[in-house]
Structures are given as structure tokens and as C-alpha cells.
Amino acid sequence: MSLTFHWFLPTNGDSRHVVGGGHGTPATAFGRNRPPTVAYLSQIARAAEDLGFVGVLTPTGAWCEDAWLTTAMVSQHTERLKFLVAFRPGFVSPTLAAQMASTFQRQTGGRLLLNVVTGGESHEQRAYGDFLDKDARYRRTGEFLQIVRDLWEGKTVDLSGEHLQVEDARLARVPDPVPEVYFGGSSPIAGEIAARHVDVYLTWGEPPAQVAEKIAWVRGLAAKEGRTVRFGIRLHVITRDTAEQAWTEAHKLLDGFDPDTVRSVQAGLARSESEGQRRMLALHGGNREDLEIHPNLWAGIGLVRGGAGTALVGSHDEVAERIKEYHALGIDEFVLSGYPHLEEAYWFGEGVLPRLAAQGLWQHPFAPTSTPAAQVPFTS
């Protein structure tokens, strides 16, 4: 089985520095260096498509541009790239969301993937008019996905749930293919929802031992539901011809972290209700020292950014080895990013992917034979 790689569309802005934000914290000023225009995001998307990334993730929240609208526009500047659109079930009715997804599939030729984000920050949810607590939001997500999946199967749906109610709901046209559903969450109720409803469970980039525990947990829950779930991981990457060059880049990013910004972001993230965010914070404890928490796994990004806070740092060979290490645990999909996103896509696509291709672990998804990125491994 070929590994699947996705890239990231920085709809909160891009820079040669880390653009912070997320999980209730605003995007940092660096996001203004390269504003998230359709032209710039399309440039990243076309590069990702050419290099062999299957799709691109777009985030959701008050700190970034709307994912549905942005990807609909960027999709018109690409041909085969899929869009992993993050959205929050509490903000859109399930019938409308099912219809929007169906329309997106038809208008893009089946290039939609859905990343369901329940929302871990009550204060941000309330700004959008959602006043449920965290566990109730997850229960609502379960009802939402039940309705949406039934609609996508062409069923007429009547449901009177704890949080959602629809009557005689149906779609005039069902999506073909049905979009795959991606989902992440580290709390007990998140595991239950994943086991019942999702296709791909995503985890942030924790050390392999912790990732293995998560995989075993969700796999066991899914087995009880008579289902199987695939697994993916969300990471940043800093990969160069040599390890020294890669770590120089990482330290350059770290030197750009203003101490006041770090304190402000960490204080904001400490208020997060997200179990996953709590686990991310525990990896570095807000300190600049000892940030390599596993060989080639660096927790520095999380000092100024909510959500995914770790990066694979090293030579192309070392990063490829870490990817193989995660794959051995059961990870088949990798959702990656790097600063700036345009240049870092090329470093990874031209440096790491050919090495994985040479070992039979990856092939370019859009080329039946070979492409420049999947031929003889690039050597330093």
C-alpha cells in the first residue's frame, strides 16, 4: 500500500517565520508577510499537486479564512488535488452540509475530503452562537455524522436526537464518490465518535509510543462497532540535504519567537478544553530547552501555535526513517506543512518522497509510470 501525503493551505497567512494562532489564539503578525490570497494559495496547491500530495488541509476557526469558500475558489486553479476541508458541525445544519459536500464533489470532480472539527474551545464556539459544553458538542457531532452519512446513501432521514432534529430530509443528488470523513480527538467521547462514524482518525504528532497507544485505543473501539478505521498524523516538516542544515532552520525559527508572544500564546492555550492541545503543551512545557522529544521530532512549533505543534527535523534520509517508524505503527496518511509552505513543499517533495518511492513505500498518485519527483532519489 502506497503511503498518502497531504499538504496544508495556510489560510491564516504564510511566512518564513512560524505563523501562530489556533485553538482560541489569534494569528500572529507574521501571517501578514504572505497574505492568504487565492493567487498565493493556488500557487501552493499547484506545487503540492505536481509533487504528488493527494490533498491539502484547510483549517477552520476565527483565526483564518473560511475553508469552504477558499477551497472552492482554489479548486478552480488545480486539476486533481483534493481538499481536506475542516468544518464544525455546530455551525451548519446537517442537511445543508450534506448538500454542500455533494455540490462540491460534482463541481470539482470528486475532490472533497471532510475534516470534522468538533471544537475544543467553548469561548470561540460561543462567538459563533454555540453554547453547548464540550461533551455535548461531541454528542451532537455523532448525530450530525449519522444524518449526513444516511443522506449521502440516498436515504430519507427522520431523526429526533438530543441536539439535532430533521424531518423528511433527503438529497436530490447524492455525492459520487461519497467524501471520506477525517476526524481527531483525544478525549474518551471523541474515541467513541471516531469508532462509529469516521474513515480516518487523525492524531497530532506525538512521540511514537504515544501514537501507538492512540491507534490501539481507537482500533479497539472501532472493532467493537464492527468497523475498521485508517490512521493519519498531522506534522510540520523541516527537511534538508543534511541534518545540520535542517536543525539550523529549526533554530532560526526558534530565534524568531518573541518571548512575550510565547508567554501570551501559552497562557491562551493553557485555557484550552482540548485534551489533544493539553497533550501538545505537555511535550514542551512552555520551555525553549530540550525540544527534541524523540529523534528528529521537535516540539518548538507548539510554543507559538495552537494545534499541531511538532515537526520532523533532519536530513531527507532521517525524515524518511521517521515516517517509516510511524507507518510501522499503523499510520498510512501524513498531513504535513512547513514555513513557508511553498518552499517547504518542494524540500519535502523533492527530497523525501523520492527516497520513499525507491523503497516501494510511495508512488506519485497522479502519474501511472514516473515523474521527476519519483525517479532516482535526490542525493546531497
Legend entry - Kirkwood Rh in Å, taken over region 91-138 so that all alpha-carbon pairs contribute: 12.4
Inset, instruction - Taking every Cα atom in the chain, find the radius of gyration and the maximum pairwise distance Dmax, and write them in Å. - result: 19.8, 62
Inset, instruction - Sort Glu79, Glu343 from largest to smallest accessible area, using a 1.4 Å probe on the heavy atoms of the protein chains. - result: Glu79, Glu343
Inset, instruction - Taking only protein heavy atoms into account and a 1.4 Å probe, give the accessible area per residue of the chain in Å². - result: 41
Legend entry - Sequence-distant lysines (8 or more away, or on other chains) whose Cα lies within less than 23 Å of Lys224: Lys214
Legend entry - Accessible area, probe 1.4 Å, largest first, for residues Ile147, Ile189: Ile189, Ile147
Inset, instruction - Under 1.5 on a/c is rounded, so check that first for region 224-267, then, if it is not, pick prolate when a/b is larger than b/c and oblate when it is not; a ≥ b ≥ c are the square roots of the alpha carbon gyration tensor eigenvalues. - result: oblate
Legend entry - Computed FRET value (nearest 0.05) for Arg32 with Leu69, which takes r as the C-beta separation and R₀ as 22 Å: 0.65
Legend entry - GNM flexibility winner over the chain from Gly256, Gly338, Gly302 (Cα, springs under 10 Å): Gly256
Inset, instruction - State the Cα centre-to-centre distance between region 72-111 and region 178-194 in whole Å. - result: 19
Legend entry - Protein accessible area in the chain, 1.4 Å probe - carbon and sulfur %: 49
Inset, instruction - Per DSSP H run of at least 4 residues, take -39500 (n - 2.57); add these up for the chain, divide by its residues and hand me the 222 nm value, nearest 500 deg cm²/dmol. - result: -12500 deg cm²/dmol
Legend entry - Accessible-area order (highest first, 1.4 angstrom probe) of the listed residues Met100, Met73: Met73, Met100
Legend entry - Solvent accessible area, Å² - Arg149, 1.4 Å probe, full protein context: 50
Legend entry - Nearest-20 debye value, the chain charge dipole, Cβ charges on Lys, Arg, Asp, Glu: 460
Legend entry - Nearest-ten-degree value, helix 316-329 long axis tilted from longest Cα axis of the chain: 40
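The values are calculated or read from the model by the stated rules, or taken from the named source; none is laboratory data. Bear in mind that the values here come from a model prediction, so they are computed numbers and not experimental data. Cβ: placed from backbone, ideal geometry, glycine included. Neighbour counts: every protein chain shown. What goes into the accessible areas is simple: the full protein's heavy atoms, side chains included, and nothing from ligands, DNA or RNA. Shrake-Rupley method; radii C 1.70, N 1.55, O 1.52, S 1.80 Å.
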